[in-house]
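Scroll down for the structure; my scribbles are underneath it.
We did not get these values from a lab; they are worked out from the coordinates using the rules stated. Since this is a predicted model, take the numbers as computed values, not measurements. Using ideal geometry, Cβ is built from the backbone for each residue, glycine included, and neighbour counts are taken over all protein chains shown.
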Amino acid sequence: MGSAIQSPPRGPTETKSSGSTSVSVDVNRLLVGHRLAEPIHDARGVLLLAPGSTITSRFKELLLKRGEQTVKASPVDVAVFDEAAAKSESAGAGSDVAISPQTTKLIEKFDLQIQHGSLLVKNSGPPLAERVKSRGTSRYEAETVAAHRSGQSQHASANAELMGRVRDGQRVESHPLMQTAAETLAMLLDDADCAIATALNDLDGRNLSDHALRTSILSMAVGIEMGLDEDNTRLLGLCGLVHDWGMCRVRPELLNAARTLHPVDFLEIKKHPIWTLEMLQNVSGLPQLAAMVCYQSHERPDGQGYPRGRKTPQTHPFARILRVVDTFSALLCERPFRHALMPAAAMECLVSLVGEDLLEGDAVRRLTCVLSMFPPGSAIQLSDGRLGRVLRRNGNHTAAPIIEVLPREAWDGSAAEVVTEVLNPRSLGVSIQRAIPRCDRVEGELSGEDIDRSRR
Ligand SMILES: [Fe+2]
């Protein structure tokens, strides 16, 4: 494939526009996905894009259709275009952003569906919530825990294998993915808290396929909470499994960079929803809606997401759920530049991001109902000083989940883990004072920097 940023003409002409220096730049050099530091004007000085706007391929297309060959941009933005072009040339095919004609057609079709408002979700059966077994305050059954652990591990491996085959150019069937969604959904219906605790605590979210399975399970739980029927819930779970496949084409040195990423590096990461879309065209029998949901799963309510900068009404509800769950799961993982966040700190972070219009409020509220503010498996300290671990959600009491109390000796690993009591904080007059790091993990609390890094 050739680069979309091909043979940029060099040597822009500097002119003065509206009192500030601007540079005449060829439209083909405008970098899709770049957020402008300064405005772009046409040759006559008419404002085309305001500062903070994101350049889209549609914008470029419209300019070319209008016969505009050059626009005026600030030297700061033009330097980013130049650097991206240089990087694209030196990195070769690996950082290629060219979109195949087939993918372009598909994107145009999605755009038409969006314009015609075909983003509503309709149930054809009864809400699945009626079939979720109520487990009260009971502990997880040992056989159930074992079944969830081995099932989730097998499903994550199967997903990794399929993703690898598609990355290598093979065509695969969607059937195994649909089966994974159906089987994990059955586990969720049987004991949702146990399935979620296993996904949060046993899957390794740094691994792409584990992260995908966790996203799938949590998204289905959110979907059930929203009142979806079985078909829709399974479709949502399927989307979770494949929504980030394109990440396997991002260079590992970018994914594992301990440094703060340069805006140009981040532009490469922003290509991954398009790569996902391309990969999904090699999955036979995958519903086209699933491909569109994955393509949109990195958009943000404020319209500053990617790849198209769509606002909430122009995104599919499943894409909005995926973005919330994906963000939550990512926060639980250690990164080269930060510790993993405690689940309670990650929940706190999601709430802050809703306040900034970066995540959709309803999806976060539903996730809070599913997990509570102290998700299953969280280590906590009670107001009477005892230590414990969150076992289950407690109806709609999101600040007071069901707790299993552990002796202090078990906590630091000096004695076997024996649960002394399972309690409902609401009926005993105690409260959860704070979340604490798990004894077997390096987990951090929420910092302003964590919120900053999660804005992307
Ligand atoms: Fe992603």
(message) Counting only pairs 8 or more residues apart or on different chains, how many lysine pairs in the chain have their Cα atoms under 22 Å apart?
(response) 22
(message) With both bridge residues required to lie in the chain, what share of the DSSP beta bridges run antiparallel, to the nearest 5%?
(response) 90 percent
(request) Can you figure out the FRET efficiency of Ala142 with Gln433, using R₀ = 41 Å and their beta-carbon distance, to the nearest 0.05? (result) 0.85
(request) Compare the Cα positions of Val78, Thr315, Gln381 along the charge dipole of the chain (+1 at Cβ of Lys, Arg; -1 at Cβ of Asp, Glu; about the Cα centre) and return the one farthest towards the positive end. (result) Val78
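Under a point-charge model restricted to the Cβ atoms of Lys and Arg (+1) and Asp and Glu (-1), what is the dipole moment magnitude of the chain relative to its Cα centre, in debye to the nearest 20?
Around 960 debye, computed over the chain.
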(request) Taking the Cα centre of the stretch 23-72 as origin, sum charge times position over the Cβ atoms of Lys and Arg (+1) and Asp and Glu (-1), and report the length of that vector in debye to the nearest 20. (result) 100 debye
(request) Provide Rg and Dmax in Å for the chain, with only Cα atoms included in the calculation. (result) 23.8, 77
(message) If you take every residue apart from Arg310 with its C-beta less than 9 Å away from the C-beta of Arg310, what net charge results, scoring Lys and Arg +1 and Asp and Glu -1?
(response) +2
(request) Multiply the residue separation of Arg66 and Gln113 by 0.36 nm, subtract the distance between their alpha-carbon atoms, and state the gained length in nm to one decimal. (result) 14.5 nm
(request) Work out the length of the dipole vector of the stretch 254-329 about its Cα centre, built from +1 on the beta-carbon of each Lys and Arg and -1 on the beta-carbon of each Asp and Glu, and round it to the nearest 20 debye. (result) 200 debye
(request) When a/c is below 1.5 the answer is rounded, else prolate if a/b is larger than b/c, else oblate, so apply that to the stretch 175-250 with a ≥ b ≥ c taken from the square roots of the Cα gyration tensor eigenvalues. (result) oblate
(request) Within the stretch 245-320, report the chymotrypsin sites (Phe, Trp or Tyr not before Pro) that DSSP leaves as loop and that have at most 13 other Cβ atoms within 10 Å. (result) none
(message) Expected output is a single nm value to one decimal: the length gained when fully extending between Asp231 and Asp302, i.e. 0.36 nm times separation in residues minus the C-alpha distance. What is it?
(response) 22.6 nm
(request) Enumerate by residue number the trypsin sites (Lys or Arg not before Pro) in the stretch 225-303 meeting two conditions: DSSP loop (anything except H, G, I, E, B), and at most 16 other Cβ atoms within 10 Å of the site's Cβ. (result) Arg259
(request) Grab the DSSP H runs of the chain that are 4 residues or longer, score each as -39,500 (n - 2.57), total them, divide by all residues and round the 222 nm result to the nearest 500 deg cm²/dmol. (result) -14000 deg cm²/dmol
(request) Using a/c under 1.5 as the rounded threshold, could you call the stretch 364-412 rounded, prolate or oblate? The axes a ≥ b ≥ c are square roots of the C-alpha gyration tensor eigenvalues, and prolate needs a/b larger than b/c, oblate otherwise. (result) prolate
(request) Extending each Cα 7 Å along its Cβ direction at Ser153 and His397, get the distance between those two points in nm, one decimal. (result) 3.6 nm
(request) Give a quick list of GluC sites (Glu not before Pro) in the stretch 320-403 that DSSP marks as loop, anything other than H, G, I, E or B, with at most 13 other Cβ atoms within 10 Å. (result) Glu356
(request) With a Förster radius of 30 Å, plug the Cβ-Cβ distance of Ser284 and Ala186 into 1/(1 + (r/R0)^6) and report the FRET value to the nearest 0.05. (result) 0.80
(request) Could you bin all the Cα-Cα distances of the stretch 154-290 into 10 Å bins starting at 0 and give me the percent of pairs in each, rounded to whole numbers? (result) 12, 41, 32, 14, 1
(request) Would you work out which of Pro407, Pro301, Leu371 lies farthest towards the positive end of the dipole of the chain? Charges go on Cβ: Lys and Arg +1, Asp and Glu -1. (result) Pro301
(message) With unit charges on the beta carbons (Lys and Arg positive, Asp and Glu negative) and the dipole taken about the Cα centre of the chain, which residue among His116, Leu331, Asn424 sits farthest to the positive side?
(response) His116
